[in-house]
Amino acid sequence: MGNLFCCVQVDQSTVAIKERFGRFDDVLEPGCHCLPWFLGSQLAGHLSLRLQQLDVRCETKTKDNVFVNVVASIQYRALADKASDAFYKLSNTRTQIQAYVFDVIRASVPKLNLDDVFEQKTEIAKAVEEELEKAMSAYGYEIVQTLIVDIEPDEHVKRAMNEINAAARLRVAANEKAEAEKILQIKRAEGEAESKYLSGLGIARQRQAIVDGLRDSVLGFSVNVPGTTAKDVMDMVLVTQYFDTMKEIGAASKSSAVFIPHGPGAVRDVATQIRDGLLQAAHQ
């Protein structure tokens, strides 16, 4: 019906290319236009001015001989003031952009190691954008944004990288665990040394108290009982200590029977043995 009345409609964000007798005549803006076909005017086609996106996957090799798939996202649009160039100069815009992306990525990535590719993906995207902007502006297209959205190394390489990372973390964990065990052993040794030191002090004080008590007992007994010598009192104290010891052994042992010499002369023998032992130890 529009062609019958020589009228055409151009939608928003779109321009139409008008030809006359097969030659470019004008760019029709959005709206309704008169197109007298009987005078040789015709509509060659439409051109969208909307922002378009093209995802390009490019396989290439890094400097350290690792194959990676680099995915670049190109956002572009046709310029209204260069609509005729965008319509006539390129037959397949997406293929042309893809070719330029392949060229830049395969020229940039082989100069970098794999780790540097991840770190410098912004620089790679900028290089792609500059090359596309310079090339596509001659064809009536504007490059709005270029992004490197993904870098995928080979599956075996990714597994190896994960294993290296895991091994490094395990090594750090082992070092930390060893340091913790070292500190624990040092603290335990310091505690044992302090405990033994305090135990030694306690034993020394105990022995000093025993000696002081025996001395006071001997001196007190000699004063209160005339005619006794220090030797007699010492023998009696030693015998008393001996029987107290036997009593404790009998109480602590599983058997309550303790066999000791019980004759009258045995007491003197016990005292002599204890005294001789003490004197021998003192002499040594």
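Observations on the model:
- Dipole magnitude (debye, nearest 20) for segment 47-204, charges at Cβ of Lys, Arg, Asp, Glu: 160
- Reach of K134 by Cα under 23 Å, taken over lysines that are not fewer than 8 positions away in the same chain: K82, K89, K111, K121, K126
- Global geometry of segment 7-48, whether rounded, prolate or oblate, following the gyration tensor of its Cα atoms and the 1.5 cut on a/c: oblate
- Note on S48 and A189: their simple-model spin labels are 7.7 nm apart, each label 7 Å out from Cα toward Cβ.
- Between I105, A80, V128, the Cα set farthest toward the positive side of the dipole of segment 52-153 (charges on each charged residue's Cβ, about the Cα centre) is that of A80.
- A DSSP coil position with no more than 14 other Cβ atoms inside 10 Å describes the following trypsin sites (Lys or Arg not before Pro) in segment 58-96: K63, K89.
- Cross-link partners of K187 among aspartates and glutamates, defined as those whose alpha carbon lies under 17 angstrom from its own and excluding same-chain residues fewer than eight positions apart: E176, E179.
- Measuring nothing but protein heavy atoms, the accessible surface of segment 7-48 at 1.4 Å probe radius is 51 percent carbon and sulfur.
- Summing Cβ point charges (Lys, Arg +1; Asp, Glu -1) relative to the Cα centre of segment 170-215 gives a dipole of roughly 140 debye.
- Accessible area of segment 52-153 belonging to carbon and sulfur atoms, whole % at 1.4 Å probe: 43
- Average accessible area per residue (Å²) across segment 1-122 - probe 1.4 Å, nucleic acids and ligands excluded: 60
- Dipole in debye (nearest 20) - segment 7-48, about Cα centre, beta carbon charges: Lys, Arg +1; Asp, Glu -1: 140
- Only protein heavy atoms count here; under a 1.4 Å probe, D115 has an accessible surface of about 90 Å².
The values are calculated or read from the model by the stated rules, or taken from the named source; none is laboratory data. These figures come from a predicted structure and were not determined experimentally. In this analysis, Cβ positions are derived from the backbone assuming ideal geometry, glycine residues included, and neighbour counts consider all displayed protein chains. Surface areas here come from the heavy atoms of the whole protein model, side chains and all, with no ligands, DNA or RNA. Shrake-Rupley method; radii C 1.70, N 1.55, O 1.52, S 1.80 Å.
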